[in-house]
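Below is one structure, written out as structure tokens; comments come after it.
Quick note: the coordinates plus some simple rules give every number you see, no bench work behind them. Remember, it's a predicted structure, so these values are computed and weren't measured experimentally. Every residue, glycine among them, receives a Cβ derived from its backbone with ideal geometry; neighbour counts consider all protein chains shown.
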Amino acid sequence: MTSSSVARKGIRIAPLLLATLGIGVAVAGCFADTSATTQTEAAAPGSPLLAEVAEQIALPAHTWTAMGTHTAKGFTTEAAETTSVEGMKADCDNINLNKKLAADFRSDVFGRGMKGFFYKCQKVRPYTNKYWFTISSADQAQIDKLCDPTTKYPIVYDEQHDTYWIDEPFTCTNRVNPS
């Protein structure tokens with residue numbers, strides 16, 4: 001099935017994709033143009049772009065979704081003794097500029113199937129970044145575990161930024177069941 005056939009048949013795209021790309025488009029569309037009088041609108045539900053992204057990341061038609069914030073600390077080595085100032089800044093810059101869509105988010109903790117979207121990052125302490133997220137899964141237990149403040153996250157290496165990360169608990173401020 002091609003993305004165009006998905007769009008033509010009017011198959012509903014899961015809430016994660018609409019929320020994540022809608023947020024991404026809204027954030028990207030907030031740059032002011034002094035000659036414009038209206039903001040850029042989010043993509044329509046039948047958008048071929050959204051359908052293509054859903055197909056490429058194998059987004060299930062019905063998902064549980066959580067939105068909120070979480071913090072993470074970056075280190076220069078797996079021993080987690082020295083903060084990776086450059087890696088943390090580069091990660092924040094990358095998230096804020098490009099956003100991040102993870103087709104199989106933290107499978108080491110949750111198993112396969114979590115779809116994550118990170119669209120904003122802010123340095124909140126010299127050694128901590130705060131991230132805004134929307135994460136979805138066809139498995140409700142994965143979302144429950146994500147939103148559980150006692151879930152532990154092993155240190156993980158990020159090759160792109162040459163940084164070892166310790167994710168802290170995710171604060172889910174909103175949850176949506178499949179409709």
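Note: region 110-167, Cα convex hull, 111 Å³ per residue.
For region 62-142, averaging the sequence separation of C-alpha pairs within contact (under 8 Å, six or more residues apart) and dividing by the residue count gives a relative contact order of 39 percent. If you take the Cα centroid of region 110-179 and the Cα centroid of region 57-71, the two points sit 10 Å apart.
Students often forget the sequence filter, so: which lysines lie under 19 Å Cα-Cα from Lys100 once same-chain residues fewer than 8 apart are removed? Straight-distance partners of Lys100: Lys73, Lys89, Lys115, Lys120, Lys123, Lys130. A simple spin-label model places pseudo-atoms 7 Å from Cα toward Cβ; at Gln160 and Asn177 they are separated by 3.5 nm. The relative contact order of region 91-179, computed from alpha carbon pairs under 8 Å that lie at least 6 residues apart in sequence, is 19 percent.
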